[in-house]
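Every number here is computed from the coordinates shown, using simple stated rules; none is lab data. None of these values were measured; they are calculated from a predicted model. With ideal geometry, Cβ positions are generated from the backbone for all residues, glycine too; neighbour counts draw on all protein chains shown.
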């Protein structure tokens with residue numbers, strides 16, 4: 001037995017479709033089911049057409065008819081930013097921002113200009129190069145430190161930073177964690 005189609009099953013329950021409005025083209029007997037704006041300035045006011053007439057209307061519709069090239073370009077630019085106000089990113093929009101930009105520029109020139117090249121080299125030289133160097137820096141020791149000196153320094157820092165000695169200070173606890181990590185890193189490298 002053939003299975004009935006959904007249309008055949010629903011047909012007895014389907015109500016006849018009521019005509020809401022007639023097509024706005026004079027003499028057209030079809031129902032106006034499709035809307036089209038009346039003009040560029042009245043986009044919320046519609047004509048109602050049948051399918052054939054709305055196709056004809058849309059084919060002839062020109063949103064920019066009667067506008068000059070400058071007016072068209074202004075509309076396009078305004079639509080680019082969704083009709084919201086905007087300003088150029090490379091220019092400040094008030095005096096306070098211009099002053100702030102100048103301060104930032106001066107700070108940048110002062111800290112990273114050509115005269116500070118030697119400072120950058122010094123910072124690069126002080127920067128730890130490996131895990132062991134970083135661990136020695138945390139403990140405050142030089143690269144030539146022996147394991148006995150490392151162990152001694154670790155014990156001294158552990159006593160100083162212990163929570164019982166610092167009243168549960170959060171800073172001391174974090175520092176102690178870093179010291180413990182540094183000591184375990186150095187212990188592995190000396191083992």
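Here are some notes:
- FRET efficiency estimate (nearest 0.05) - Cβ-Cβ, residue 75 to residue 33, R0 25 angstrom: 0.25
- Cα-based radius of gyration for region 19-86, normalised by 2.2 N^0.38 Å, reads 1.43.
- Whole-Å semi-axes of region 128-190's equivalent ellipsoid (Cα gyration tensor): 22, 12, 9
- The Stokes-Einstein estimate for region 18-58, based on a Kirkwood radius over Cα pairs and taken at 4 °C with 1.567 mPa s viscosity, is a diffusion coefficient of 126 µm²/s.
- Residue 67/residue 46 FRET efficiency (R0 22 Å; Cβ-Cβ; nearest 0.05): 0.55
- Gain on full extension, evaluated as 0.36 nm per residue between residue 172 and residue 137 minus their Cα-Cα distance, stands at 10.9 nm.
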